[in-house]
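**Student:** Okay, handing you the structure first.
What follows is calculated from the coordinates using simple rules that are stated; it is not laboratory data. Everything numeric here is computed off the predicted structure, so don't read it as measured data. All Cβ positions, glycine included, derive from the backbone under ideal geometry; neighbour counts span all protein chains shown.
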Amino acid sequence: MNFPYVEYTWLGYGTVIAIIAIIHVIISHGVAIGTSVLTVSLEYRAFKTENEKLDELAKTMAKWVLIITTTVGAMTGVGIWFSTTVIQPDSIGALLRIFFWAWVTEWIVFITEVVILIIYYYTWDSWKSPEKKKKHINLGISLSVASWLTMAIITGVLAAKLTPGKWIDTFSFWNAFLNPTYLPSLGFRMFLAMMLAIVVVAFLLRLFVKDLSLREEAFKVFGVWGAISLPMTFILGLWYLWSIPEQAYDMIVWSTGMTENTFKIINGLAFLILIVFLVWLIRSPKTVPIILSLAVFGASIGFIGEFEVVRESIRKPFIIYDYMYANGLLYQNQEKINEEGYLAHSTWIMEKEITEENKVEVGREVFAGQCLSCHTIDGWREKRALGKRLVGWDEEALKTYIPTMHNVRVAMPPFMGTEEELDALVAYLKKEIDEVNGVKEVSQSE
């Protein structure tokens, strides 16, 4: 353990990151990218048809893109950096070393995107003449390109965590960035962003825009984009699935916590609802039911959450595939740590020798360094809460299981350390299990 740690005892690390990341992805994909494209498309149609109401609607959408991306979007973006740096410092440190200049470029592009967005919105009313309106639409197109570029850069970083490809051997930036899933992941995210924007904005327009003719004009534009985006999302999603490691593919259903049949039924129904919605949007935009809009809105938000959870989970037991385990330990260091000890390679742990007096405390440190990235002692996720999951296990059972757990459960990194360090971890776990069980017994008697 090379860094201090923070415990989220009830939530757990994964939940903290997931809450922030899912909100950020909905905003960065659905608002910053997808809604920006829809806004410019509506402005262009309004210009061609001389529809002032449609132009005003597009301006209102631009206002909310500006408000949301520069507040919640920016805060959750920083929140991801902050939370992952605290929770997974080894991983973030490795990614910064690999992708330093890519991240610098991404921040420059993001700042450019924000500046263009501000100019785009605040020049809307002053650039009204035909010539200036054309320039304003071109400015909107440049906004869409800039927002796409931020995704194009960050996708290289995210995709490399699952499929680093030749980087494992070459440590070349370009091998990491242009990894095997980069293009399918980028394409999938691009069209997914459009679908998310269509669903979210259409639901809001159906809810708040009472002018049927105005809603019809907007939905016609959404229908065109949907007819392109839905099949492309499906095709590129299949390409992405075919490009990931076989072990990761096999963990998709497991990572959702569903049975295989439940997974197929829920996702199949969501896809069917989306098809019905798009067909209705194209064929009869004036009569799109509010219930259908609400259903497809909920299904889309749920899918984004599922996608982010799956994307993070199928890398297990790694955080950077075939290079760094989920707990920050390097794959290549396993033999060395087993021989020399985990404590000897942990700069943050002060105790380098284990005694009867400090055994439990050292075990706590070993738990924090090797287990805390995925597990808690007590928390809302019972499968991850070891104090509940391991009730009834004695020290001998724990000591026998822990060294072989990665063979039984492929999502688990192997334990690294000496037999004395294993004893310390077992002593700590047994103490916590007993305390959790004792609290339960008291509460039941009460």
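**Student:** Work out how much length Ile273 to Thr71 would gain on full extension: take 0.36 nm times their residue separation and subtract the Cα-Cα distance, in nm to one decimal.
**Tutor:** Numbers: separation 202, 0.36 × 202 = 72.72 nm, distance 3.17 nm.
Using 0.36 nm per residue and subtracting the Cα-Cα distance, I get 69.6 nm.
**Student:** Which residues in the stretch 204-232 place their backbone N less than 14 Å from a point set 7 Å from the Cα of Thr49 along the Cα-to-Cβ direction?
**Tutor:** Under 14 Å, as judged by backbone N against the label point of Thr49, lie 211-225 of the stretch 204-232.
**Student:** Then there is this: As I understand it, the value is the acute angle between the Cα axis of helix 13-25 and the longest principal axis of the Cα atoms of the chain; what does it come to in degrees, rounded to 10?
**Tutor:** Value to nearest ten degrees: 10.
**Student:** Tell me the angle of helix 290-313 to the major Cα principal axis of the chain, expressed in degrees between 0 and 90 and rounded to the nearest ten.
**Tutor:** Long axis of 290-313 versus the principal axis of the chain: about 40 degrees.
**Student:** Compute the long axis of helix 52-68 from its Cα atoms, compare it with the longest principal axis of the Cα atoms of the chain, and write down the angle in degrees, 0 to 90, nearest 10.
**Tutor:** Tilt of helix 52-68: around 20 degrees.
**Student:** Given R₀ = 30 Å, FRET efficiency for Asn437-Glu351 by Cβ-Cβ distance, to 0.05?
**Tutor:** The value I calculate is 0.65.
**Student:** Name the residue farthest towards the positive end of the dipole of the chain from the options Val109, Gly369, Phe173, assuming +1 on Cβ of Lys and Arg, -1 on Cβ of Asp and Glu, about the Cα centre.
**Tutor:** So the residue we want is Val109.
**Student:** When you count, for each residue, the other Cβ atoms within 10 Å and take the mean per peptide, how do 98-107, 187-196, 408-417 rank with the highest first?
**Tutor:** Order by mean packing, descending: 187-196, 408-417, 98-107.
**Student:** Output wanted: per-residue J couplings in Hz (rounded whole) for the stretch 209-226, from phi through Karplus 6.51 cos²θ - 1.76 cosθ + 1.60, θ = phi - 60°, x for Gly and Pro.
**Tutor:** Computed from phi, the couplings for the stretch 209-226 are 8, 8, 6, 5, 5, 5, 5, 4, 4, 5, 5, 4, 5, 4, x, 4, 5, x Hz.
**Student:** Using the beta-carbon distance between Gln334 and Ile235 and R0 = 56 Å, what value does 1/(1 + (r/R0)^6) give for FRET efficiency, to the nearest 0.05?
**Tutor:** 0.90
**Student:** Give, in nm to one decimal, the length gained when the segment between Thr123 and Val78 is fully stretched (0.36 nm per residue of separation minus the Cα-Cα distance).
**Tutor:** Extra length from Thr123 to Val78 when fully extended: 13.4 nm.
**Student:** Which trypsin sites (Lys or Arg not before Pro) in the stretch 304-383 pass both tests, a DSSP loop state and at most 16 other beta-carbon atoms within 10 Å?
**Tutor:** For trypsin sites (Lys or Arg not before Pro) across the stretch 304-383 that sit outside H, G, I, E and B with at most 16 neighbouring Cβ atoms in 10 Å, the list reads Lys352, Lys383.
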